[in-house]
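Contents: one structure, followed by commentary.
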Protein chains: 2
Amino acid sequence: MTGDLAAGVDPERLWERHQHLARHGATEGGGVNRQALSAAEVGAWREVIGWAKDSGLAPFTDPAGNLFLRLGGVDDEGAPVLTGSHLDSQPSGGRFDGVFGVLAGLEAAHAIRSAGLELARPLEIVAWMNEEGSRFVPGMMGSAAFTGAAPLESFLQVSDADGVTVRDGLAALHAAFSELPLRPLGRPVAAYIEAHIEQGPILEREGCTIGVVTGIQGKRTFRVTVRGEEAHAGTSNPSERKDALLTAARMIGALDAGIQAGDDSIKFTVGRLDITPNAPSVVAGTAVFSIDLRHVDSDVLAALGDRIPAICAAHSGRCSVDVVELTNSRSLAFPETMTRLVRGYAGALGIPAMDILSSAGHDARFLHAVCPTGMIFIPCKDGISHNPRESVKKEDLAAGARVLVEVLAALATR
Amino acid sequence: MTGDLAAGVDPERLWERHQHLARHGATEGGGVNRQALSAAEVGAWREVIGWAKDSGLAPFTDPAGNLFLRLGGVDDEGAPVLTGSHLDSQPSGGRFDGVFGVLAGLEAAHAIRSAGLELARPLEIVAWMNEEGSRFVPGMMGSAAFTGAAPLESFLQVSDADGVTVRDGLAALHAAFSELPLRPLGRPVAAYIEAHIEQGPILEREGCTIGVVTGIQGKRTFRVTVRGEEAHAGTSNPSERKDALLTAARMIGALDAGIQAGDDSIKFTVGRLDITPNAPSVVAGTAVFSIDLRHVDSDVLAALGDRIPAICAAHSGRCSVDVVELTNSRSLAFPETMTRLVRGYAGALGIPAMDILSSAGHDARFLHAVCPTGMIFIPCKDGISHNPRESVKKEDLAAGARVLVEVLAALATR
C-alpha cells in the first residue's frame, strides 16, 4: 500500500550523501565548484557509482557523458522509467542543485529493492552532462544529445576558458571510466520524472513541502558584442572615444530599464561581462555581455526578447553592436497524467503540496519532447541557489524522495 | 657646432630597430604584448644590450630590474646624465610607446661616440621596469624604486593574474642576465631627459614635429568594489536582487555623467571591470572596476576625485560599495632650464616645435623629484597609442633623436 515504499527512504543517509558529495569541488565558503567534465565531477561520479553498486544498480554511460544507474525489470528490454538530474554545478554553486535529483533517485531505487518490489520495466537513475552551462555554453548538453534536441557533434568543438573542448572533456571522462558499458543515445524512455530544489521562494513562503511542477518557464538568451576602439586613458578626448565598456554599461542600464522595467514577472539578467583589454589606463576596445531573459508567458517572452536588438542599437553611441540569440525556448506544460501522479502521492502520504511553475530551466525540458515528463520540487531556504549559501532541510529532502519513490513505482509497475 | 651630432642620427637604423624590437611579444594585429618582466621583455633586453655593446656602451642593471647602458665620461665617478623610457607595453600595445625613448637614447649615444665627443660626465640610457602597470599594478615601479618615491619592498608582493609576483619576475630577470653588474638604487643623477611619442593628437594637428614638454598632467586612480549577492537568473525576483553587475553598470554611467560631464579637459576612464562569478545564468555577486581620472589643473583634479565616493554611494542601490584610492599625483611643471634646452636645440636644428603638457604619466614624474628633468615629444598618427595601430613617421623618430642628442651633449659636457 502507499507509504510502504516511502517508509524505506532513510533521511539520515540521504542527508549525509549530500554532505559527502559536496567534498568533490568544495570551495572555501562551504559551496561547490564542480563544473561539467571536471576532475571534481569525475570524483562525484565514483562516489555515486559506489553507492549505486551497493544498492544493486548497474552503472553505464553513453557518448554524451551521461551517467546511468540501472535497476532491471521483468521486461528488461522494455523502455526504462528514467529519473535523475545532474552532478555539475555553477562556479560558485551549492550542495543540492542537481545533486538532490540524482541522490533521491538512488534512495528511491534502494527503497524499491529493499521492499522486494518487482518492476515491470527497468528503472534508471541518470546524471545528465553539463546541465549548468557555465564551463561549456550552452547548458543541458547531455539531455539535448540524448533526446536528439541537438546532435552531440554540435557540442564537441565548444571550449572552456582554457581552450579545453567538450570533445577533450568527454575523452577524459570515458578514459577515467573505461570499465563502464557505453550505450547509444536516443534509447526510448517510458517516462521521466526529475526531483529538484525549487530555486525560488514560493514553496517556503506558502509552507508547502512538495511542488507539483506544471511546466517550465520560457527562456531566451543572447550574446551582445560592443566594439569600440582602444585608446590612452590620459590623452584621448572623451568626446572622440569609442569606449566599449562605458557603452556597454549604458546599454545594460537601458536594457534593464526598457525590458525588466520593475516587473518581477520579467526575469532579465546580465550575468557575464568580458572586457578587452581590461586594463585600468586603456579605454576598452571590446565588451561582450550575456542576456538571460525569462517569462512564464511565451508571447510576452517573444515580444520582450524581440525588443533587445533595437535597444542595444539605440544605445551604441560611437561603438558598433552585434546581438546574437543563443537559445529561444517557449514555456511548456507537463502532461496532466504526470502532475496527477505527483499530486496524488503527495496527498496520499499527507505531505503538503501545491502546483508550481518552474522558473529555472531543467533537463526535463528536453525529455518532455520524447516521453511523459514531470518534476517534483522541494523548498530551499530564501529561494537561494547557484550560491554557496544554498540550503535545504533534511526532512524536505526525505519528503521529496518519498513522493518520488511512489511515483516511480507506479510508473514502472504499470 | 649645433647639428654635427644630429647629423650622426641614422633614420633608417632607428626605424629598423623599432620594427625589429616589435618581434618580441608580437601580436596578430601587428601590435605588441610585452608586459613587464615577461619572456618577451627579456628578449627585447637581449636585443637592446647587443646594439648597445656594438656602440661601445656598458650594460648593467639594479635590484628593481631597470636596465642601464653606459657611456663613460671624463669624470667617470660623477653623476650621470640619464635618458630613456621603457620596453614594456600594454597587453595590446604598439611599437613606439616607451621603445622610442630607449632607442633614441641609443642612437644619440652612438652619434656622440661616432663624433668622438668627450663627455664631462657619464651618459646612461635607461629602460625602466614596469612603466605600464598592466601586468603588475601600479605602473612606473622601476623609476619609483630608483628615485625612492616608493621602496622596492612595497612592490615585491604584487602579483599578476596568474599569481606570479614582482619578486618572482625580478628573480627570473636577474637569473636571465646574471652576467650584468648590479648597481644600487638611488644613485645621484645630474639630469634626466625622456623622449616619447605624444600619445595625443595635438602635435599632428598643429603640424609640429617636436613637443617641448612643460609638465605632466595630474592623475588619481581608484578601485571600486561593488558587493551584491549571487542568485538564480531564472527564479530570483529582480526587485529583491543585489545585482553587482547591474549596479556597477549604473554606477559607471552615473560617474561618467557626473565627473566627465562632456568636458574633454577631464579624462575619466573605467578601463577594467571584473565580475564574479561571471556566469550567464547567475546574478553577479561582485563587480570590481578601476577609475583613472586626469586633469591639467591639480585643484580641479582634487575636487573631481573627491566627488567619486559620494557618487558611488548614491548609486549603490541594494549593494554595498567600497572605494579605495590607489594613486594621487598632482600636475607638475618641468624646470625652465630643461624646457629652454629642448626648445633651443629644436630651433637651432630648424625643426618646428611647440610647448605641450603631457596628458599621459611617465617615469619622468619620479625623476623630476630628484634631478632637473625634461621630455621631448614627437607626433603619433591620430593620437592613438596603447593600440596595435600606434603609428609614427620615420622622419619624426629621427627628428626627436636629433634634438635629444644635442640636449644630451649639452647636459653632459657642462
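Which of the residues that make up the stretch A:329-369 are in a loop (DSSP other than H, G, I, E, B) and surrounded by 17 or more Cβ atoms within 10 Å (Cβ to Cβ)? Can you show your working first?
First pass over the stretch A:329-369, keeping only residues in a loop (DSSP other than H, G, I, E, B): A:330-331, A:334-335, A:349-352, A:359-363, A:368-369.
Once the filter is applied, which keeps residues that are in a loop (DSSP other than H, G, I, E, B) and surrounded by 17 or more Cβ atoms within 10 Å (Cβ to Cβ), the stretch A:329-369 yields A:331, A:334, A:349, A:351, A:359, A:360, A:361, A:362, A:363, A:368.
In this structure, does residue B:270 turn out to be in contact (Cβ under 8 Å) with a residue 40 or more places away in the chain, surrounded by 15 or more Cβ atoms within 10 Å (Cβ to Cβ) and not assigned by TED's automatic domain parsing to the domain that holds residue B:90? Talk me through it step by step, then tell me what you get.
Values: in contact (Cβ under 8 Å) with a residue 40 or more places away in the chain: no; surrounded by 15 or more Cβ atoms within 10 Å (Cβ to Cβ): yes; not assigned by TED's automatic domain parsing to the domain that holds residue B:90: yes.
In short, no.
I'd like the full set of residues that are at pLDDT below 95 and either in contact with a Phe, Trp or Tyr (Cβ under 6 Å, 6 or more places away or on another chain) or β-branched (Val, Ile, Thr) (or both), limited to the stretch B:277-299. Those that are at pLDDT below 95 and either in contact with a Phe, Trp or Tyr (Cβ under 6 Å, 6 or more places away or on another chain) or β-branched (Val, Ile, Thr) (or both): B:282, B:296.
Inspect all residues belonging to the stretch B:136-151 and state whether any of them is of a type outside the set (Val, Ile, Thr) and within 28 Å of residue B:4 (Cα to Cα).
In the first step, residues of the stretch B:136-151 are kept if they are of a type outside the set (Val, Ile, Thr); the result is B:136, B:138-146, B:148-151.
In the following step, the residues that additionally are within 28 Å of residue B:4 (Cα to Cα) were identified as none.
For the stretch B:136-151, residues of a type outside the set (Val, Ile, Thr) and within 28 Å of residue B:4 (Cα to Cα): absent.
Checked against the criterion of being touching a Pro at 6+ places or on another chain (Cβ under 9 Å) and closer than 24 Å to residue B:92 by Cα, the candidates B:30, B:65 yield just one match: B:30.
Does residue A:61 satisfy the criteria of being modelled with pLDDT under 95 and surrounded by 15 or more Cβ atoms within 10 Å (Cβ to Cβ)? Working first, answer last.
On the way: modelled with pLDDT under 95: no; surrounded by 15 or more Cβ atoms within 10 Å (Cβ to Cβ): yes.
Here the answer is no, as residue A:61 does not meet what is asked.
When we screen A:246, A:255 for residues that are surrounded by 24 or more Cβ atoms within 10 Å (Cβ to Cβ) and out of contact with any strand residue (DSSP E or B) (no Cβ under 8 Å at 6 or more places or on another chain), the only hit is A:246. The set of residues from the stretch A:234-245 being in a helix (DSSP H, G or I), facing chain B (nearest Cβ under 7 Å) and touching a residue at least 40 places away in the same chain (Cβ under 8 Å) comprises just one member, A:245. Any residue that is of a type in the set (D, E, K, R) and within 9 Å of another protein chain (Cβ to nearest Cβ) - is there at least one of those in the stretch A:164-173? Checked against the condition, which is being of a type in the set (D, E, K, R) and within 9 Å of another protein chain (Cβ to nearest Cβ), the stretch A:164-173 yields no hits at all. Within the stretch B:371-396, the residues that satisfy the criterion of being of a type in the set (Ser, Thr, Tyr) and either at the interface with chain A (Cβ under 9 Å from one of its Cβ atoms) or surrounded by 24 or more Cβ atoms within 10 Å (Cβ to Cβ) (or both) are B:373, B:385.
Scanning the stretch B:255-277 for residues that are within 9 Å of chain A (Cβ to nearest Cβ) and more than 24 Å from the chain's Cα centre (by Cα), we see that the one that is farthest from residue B:295 (Cα to Cα) is B:277. Among the residues of the stretch B:178-221, what is the count of those that are among the hydroxyl-bearing types (Ser, Thr, Tyr) and under 22 Å from residue B:80 (Cα atoms)? The number of residues fulfilling the criteria is 1.
Scanning the stretch A:194-236 for residues that are over 13 Å from residue A:361 (Cβ atoms) and basic (Lys, Arg) returns A:205, A:223, A:227.
Restricting attention to the stretch B:331-389, the residues being hydrophobic (A, V, I, L, M, F, W, C) and within 19 Å of residue B:108 (Cα to Cα) number 12. For the stretch A:297-328, the set of residues classified as within 21 Å of the chain's Cα centre (by Cα) and assigned to a helix (DSSP H, G or I) consists of A:298, A:301, listed by residue number. Looking across the stretch A:179-231, the residues that are within 13 Å of chain B (Cβ to nearest Cβ), in a loop (DSSP other than H, G, I, E, B) and polar (S, T, N, Q) come down to A:199, A:217.
Of all the numbered requirements in (1) without any contact (Cβ under 8 Å) to a residue 12 or more places away in the chain; (2) in the same structural domain as residue B:209 (by TED's automatic domain parsing), residue B:400 misses one, and that requirement is (1). Any chance the stretch B:222-236 includes a residue that's touching a Pro at 6+ places or on another chain (Cβ under 9 Å), under 23 Å from residue A:284 (Cα atoms) and surrounded by fewer than 23 Cβ atoms within 10 Å (Cβ to Cβ)? Checked against the condition, which is being touching a Pro at 6+ places or on another chain (Cβ under 9 Å), under 23 Å from residue A:284 (Cα atoms) and surrounded by fewer than 23 Cβ atoms within 10 Å (Cβ to Cβ), the stretch B:222-236 yields at least one hit. Among the numbered criteria (1) free of Cβ contacts under 8 Å to residues at least 12 places away in the same chain; (2) within 14 Å of chain B (Cβ to nearest Cβ); (3) not β-branched (Val, Ile, Thr), which single criterion is violated by residue A:289? So residue A:289 meets the others, but not (1).
Residue-by-condition table, conditions (1) modelled with pLDDT under 95; (2) farther than 29 Å from residue A:380 by Cα:
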residue: A:141; (1), (2): no, no
residue: A:164; (1), (2): no, yes
residue: A:175; (1), (2): no, yes
residue: A:205; (1), (2): yes, no
residue: A:208; (1), (2): no, no
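Report, by residue number, each residue of the stretch B:68-114 that is closer than 19 Å to residue B:15 by Cα and either among the charged types (D, E, K, R) or not assigned by TED's automatic domain parsing to the domain that holds residue B:362 (or both). Passing the criteria: B:88, B:95, B:97, B:107.
Filtering the stretch A:325-341 to residues that are more than 16 Å from residue A:216 (Cα to Cα) and of a type in the set (A, V, I, L, M, F, W, C) leaves A:326, A:341.
Criterion first (in contact with a strand residue (DSSP E or B) (Cβ under 8 Å, 6 or more places away or on another chain), of a type in the set (Gly, Ala, Ser) and touching a residue at least 40 places away in the same chain (Cβ under 8 Å)) does residue A:108 satisfy it? For residue A:108, the condition - in contact with a strand residue (DSSP E or B) (Cβ under 8 Å, 6 or more places away or on another chain), of a type in the set (Gly, Ala, Ser) and touching a residue at least 40 places away in the same chain (Cβ under 8 Å) - is met. The single residue among B:294, B:250 that is among the charged types (D, E, K, R), within 24 Å of residue B:389 (Cα to Cα) and either at the interface with chain A (Cβ under 10 Å from one of its Cβ atoms) or outside any helix (DSSP H, G or I) (or both) turns out to be B:294.
Taken over the stretch A:299-310, residues that are more than 14 Å from every other protein chain (Cβ to nearest Cβ) and either crowded, with 16+ Cβ neighbours inside 10 Å or β-branched (Val, Ile, Thr) (or both) amount to 4.
The values are calculated or read from the model by the stated rules, or taken from the named source; none is laboratory data. Just so you know, these numbers come straight off a predicted model, no measurement behind them. Methodologically, a virtual Cβ is constructed for each residue, glycine included, from the backbone with ideal geometry; neighbour enumeration extends over all protein chains shown.
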